[in-house]
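The structure appears right after this line, and notes come after that.
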Amino acid sequence: MPRDQHTITAADLMPIPDYELIRKDKKQEAIARKALTRISVGPHATVLFETWDSMWLQIQEMLRIEKGGEAQIADELAAYDPMVPKGSELTCTLLFEVADEVRRDAFLRTLGAVEHHVALHIGSHIIRARPEGDIERTRTSDGKASAVHFFHFDFPPEAVSAWSSGESSAMLVIDHPNYGHAALIGADTRAFLARECFPER
């Protein structure tokens, strides 16, 4: 599995019968990984930083569930490979979670354009989120935000160094007028993501 190439290809994927043999172990690995890559930002937002392994697992799970065989692979790669960090970025999935459906709908209607109000702060560096360009995440008809967003954070070299050094503080910040919250990113998470997502420097 060529993680150092920062991409997933059809050659990296396993036939479903072979995947079934290691699925339990891979799911356990995912639980351990999420302990380092998941952070809560305020009461309703959860961020999951993505890696080569998390996207590989997602593709394998989709192939397992939908059973589309070879014909499905291209679509899954097109959907998930862009979220594999490409060597000078971090990527994440942001979820807004409110248990009650009526309250969730009302809440999301207050969060239009939230995709333009997310950033990483690393010391003096501010890296604004770049939404994945698959679909619009704020509905134009009524301004309702999606409950799920996919983001890229494009790091200049000096920000990579600042992140990887562990110096200064690192925070995930949402500065939307109707949802202003920030969360510190711990040293273990920074070290893990530096190993997984950035080339050695």
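Derivation of every value follows stated rules applied to the coordinates shown; laboratory data play no part. Only a predicted model underlies this, so the values are computations on that prediction, with no experimental measurement involved. Cβ sites come from the backbone with ideal geometry, for glycine too, and all protein chains shown count toward neighbours.
General remarks:
- Among beta bridges from DSSP that stay inside the chain, the antiparallel ones total about 100%.
- Computed over the chain, the per-residue total of -39500 (n - 2.57) for DSSP H runs of n ≥ 4 gives a 222 nm mean residue ellipticity of -12000 deg cm²/dmol, rounded to 500.
- Taking 13 Å as the cut-off, the amide N atoms of region 91-109 that come nearer than this to a point 7 Å along the Cα-to-beta-carbon line of Asp142 belong to 102-109.
- In this structure, the residue pairs whose Cα-Cα separation is over 31 Å, taken from Lys24/Lys144; Lys34/Lys86; Lys24/Lys86; Lys26/Lys86, are Lys24/Lys144.
- Per-residue ³J(HN,Hα) for region 101-113, Karplus 6.51 cos²θ - 1.76 cosθ + 1.60, θ = phi - 60°, Hz, x for Gly and Pro: 4, 5, 5, 5, 4, 5, 5, 5, 6, 8, 10, x, 6
- Counting neighbouring Cβ atoms within 10 Å and putting the fewest first, the residues Leu95, Leu13, Leu184 line up as Leu184, Leu95, Leu13.
- Hits among aspartates and glutamates - C-alpha to C-alpha of Lys27 under 20 Å, sequence gap 8 or more where chains match: Asp12, Asp18, Glu50, Asp53, Glu61, Glu66, Glu76, Asp81, Glu196
- Rounded if a/c under 1.5, otherwise prolate or oblate - the chain, Cα gyration tensor axes: oblate
- Relative contact order of the chain, defined on C-alpha pairs under 8 angstrom at six or more residues apart (%): 23 percent
- Gain upon complete extension [Lys34, Asp105; 0.36 nm per residue less C-alpha separation]: 22.9 nm
- Antiparallel DSSP beta bridges within region 63-181, percent to nearest 5: 100 percent
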